[in-house]
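For reference, the structure is listed below as structure tokens.
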Amino acid sequence: MKIVKILSAGTLAVLTMAASLSAKDFSGAELYTNKEFTYGKFEARMKMAAALGTVSSMFLYQNGSEQASAERWVEVDIEVLGKSPNSFQSNIITGRAGAQKTSEKHHTVNPAADQGFHTYGIEWTPNYVRWTVDGNEVRKTEKGVNDPSNQVANLIGTQGLRFNIWSSESVEWVGQFDESKLPLFQFINWVKVYKYTPGQGENGSDFTLDWTDNFDTFDSGRWSKGNWTFDGNRVDLTPNNIYTRDGMLILALTRKGQESFNGQVPVDNEPSPQSSSSSVTPPSSSSVTPPSSSSIELPPLSSSSTDAILQVRKPQLQGKETRTFNAKGERVNNVRANDSRNRYRVNFKI
């Protein structure tokens, strides 16, 4: 996920923060798996949110990548930028905090991402990363083929699956925020996670279905809800903006104090797959017109808009005490505060 410019590399893996009540006027949401995965296939049937200034996403992320002590950054993105709902941005982020490498590309979506449901997919293997929409490949980055920065080889370790909706302060990246469009909602009908099993999957494929979640209820053993914010984000990410309704998982972007959903859940014409934890269930065919597989060529970025691709993210807890936490959200003591200019993205549970 993208964010404001990196000004410097940090020096510590832990943060000391004054947990003061946030002054932000808006609330967003982030959902993440409790488990991280080494390789696999990840699919979600979604109707994304879109308005100027917003980001609606699905992404893989290695927790702790942003810390200065981390050996590497590991992240793979699908992001719908509010200024361009007829496309989504794919990206790989690797390197170290403060010196990340990115490889953004944009892909058409028809109907627009906020006008209909699509099945978005990411495949991550030792040799390639592949993005699909409604079963159609829109991008494939292969090690040693079309990956000059060796990003696929540098996706080392594990990644968790995440979804979020928020508002970036980077106008160059997402456009000028239009708060008159609030509330906004990202709807997730189902999620499937596949294990990487080379040649042993269905019909000889490299992936075997691990589990499916249809969101008839919220499974706290599988998912957690984010409770943080970061610099460059005009919203607080709160558990109060994540809920299930009528077999749909809903992420909301609202004004502060209006965290709720009183609307009508949209109908997805594609039947939901059977929930499972281990059995293979072939995905249903899409009822939506497939998007073009070609990437959209965007004009060259200016230096200011390039800086806007990477943003400083410093989590700010809500509360009244001064506490110290490590990357796992565990309370620790006797550490110095890190440079507030660095980007951080840490889960906190108090």
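The values are calculated or read from the model by the stated rules, or taken from the named source; none is laboratory data. Quick caveat, the model's predicted, so the values are computed rather than measured. Ideal geometry is used to build each Cβ from the backbone, glycine not excepted, and the neighbour counts take in all protein chains shown. Heads up: the accessible areas ignore ligands, DNA and RNA and are worked out on the full protein's heavy atoms, side chains in. Shrake-Rupley method; radii C 1.70, N 1.55, O 1.52, S 1.80 Å.
Look through the range 119-151, keep the residues that are assigned to a loop (DSSP other than H, G, I, E, B) and among the small types (Gly, Ala, Ser), and return whichever of them is nearest to Lys192 (Cα to Cα).
Ranking the candidates gives Gly135 first.
Taking the stated definitions as given, is Phe230 closer than 19 Å to Gly53 by Cα and either open to solvent by 40 Å² or more (accessible area, probe 1.4 Å) or assigned to a loop (DSSP other than H, G, I, E, B) (or both)?
yes
Among Pro271, Pro198, which is the only one that is part of a loop (DSSP other than H, G, I, E, B) and closer than 21 Å to Asp134 by Cα?
Pro271
Scan the range 249-263 for residues that are open to solvent by 70 Å² or more (accessible area, probe 1.4 Å) and in contact (Cβ under 8 Å) with a residue 24 or more places away in the chain and report the count.
The total comes to 3.
Restricting to the range 239-263, name every residue that is touching a Phe, Trp or Tyr at 6+ places or on another chain (Cβ under 9 Å) and assigned to a loop (DSSP other than H, G, I, E, B).
Gly247, Lys256, Ser260, Phe261, Gly263
Among the residues of the range 166-182 satisfying the criterion of being open to solvent by less than 70 Å² (accessible area, probe 1.4 Å) and not hydroxyl-bearing (Ser, Thr, Tyr), which is nearest to Glu36 (Cα to Cα)?
Only one residue fits best here, namely Trp166.
Among (1) more than 23 Å from Pro85 (Cβ to Cβ); (2) modelled with pLDDT of 95 or more, where does Glu202 come up short?
Only one criterion in (1) more than 23 Å from Pro85 (Cβ to Cβ); (2) modelled with pLDDT of 95 or more is unmet by Glu202, namely (2).
Right, Val129: open to solvent by less than 50 Å² (accessible area, probe 1.4 Å) and either without any contact (Cβ under 8 Å) to a residue 12 or more places away in the chain or within 21 Å of Gly40 (Cβ to Cβ) (or both) or not?
Working: open to solvent by less than 50 Å² (accessible area, probe 1.4 Å): yes; either without any contact (Cβ under 8 Å) to a residue 12 or more places away in the chain or within 21 Å of Gly40 (Cβ to Cβ) (or both): yes.
Yes: the conditions hold for Val129.
If you go through the range 1-53, how many residues are farther than 22 Å from Val74 by Cβ, polar (S, T, N, Q) and at pLDDT 95 or above?
Residues flagged as farther than 22 Å from Val74 by Cβ, polar (S, T, N, Q) and at pLDDT 95 or above within the range 1-53 amount to 1.
With respect to Arg222, is the statement that it is open to solvent by 20 Å² or more (accessible area, probe 1.4 Å) and touching a strand residue (DSSP E or B) at 6+ places or on another chain (Cβ under 7 Å) true? Let's see the steps before the verdict.
Numbers: open to solvent by 20 Å² or more (accessible area, probe 1.4 Å): yes; touching a strand residue (DSSP E or B) at 6+ places or on another chain (Cβ under 7 Å): yes.
In short, yes.
Just to verify a result, which residue in the range 56-102, among those that are hydroxyl-bearing (Ser, Thr, Tyr) and in a loop (DSSP other than H, G, I, E, B), is surrounded by the most Cβ atoms within 10 Å (Cβ to Cβ)? Even if it seems obvious, please write down each step before you answer.
The first filter runs over the range 56-102 and keeps only residues hydroxyl-bearing (Ser, Thr, Tyr), leaving 56-57, 61, 65, 69, 84, 87, 90, 94, 102.
Checking the rest, the ones that are also in a loop (DSSP other than H, G, I, E, B) come to 65, 69, 84.
Working: Ser65: 23, Ser69: 13, Ser84: 20.
The selected residue is Ser65.
Are there any pairs with C-beta distances below 7 angstrom linking a residue in the range 200-212 that is surrounded by 13 or more Cβ atoms within 10 Å (Cβ to Cβ) to a residue that is part of a helix (DSSP H, G or I), with the two at least 6 apart or on different chains, and if so which?
none
Which condition number does Leu155 fail, the rest of (1) touching a strand residue (DSSP E or B) at 6+ places or on another chain (Cβ under 9 Å); (2) outside any strand (DSSP E or B); (3) surrounded by fewer than 17 Cβ atoms within 10 Å (Cβ to Cβ) being met?
(3)
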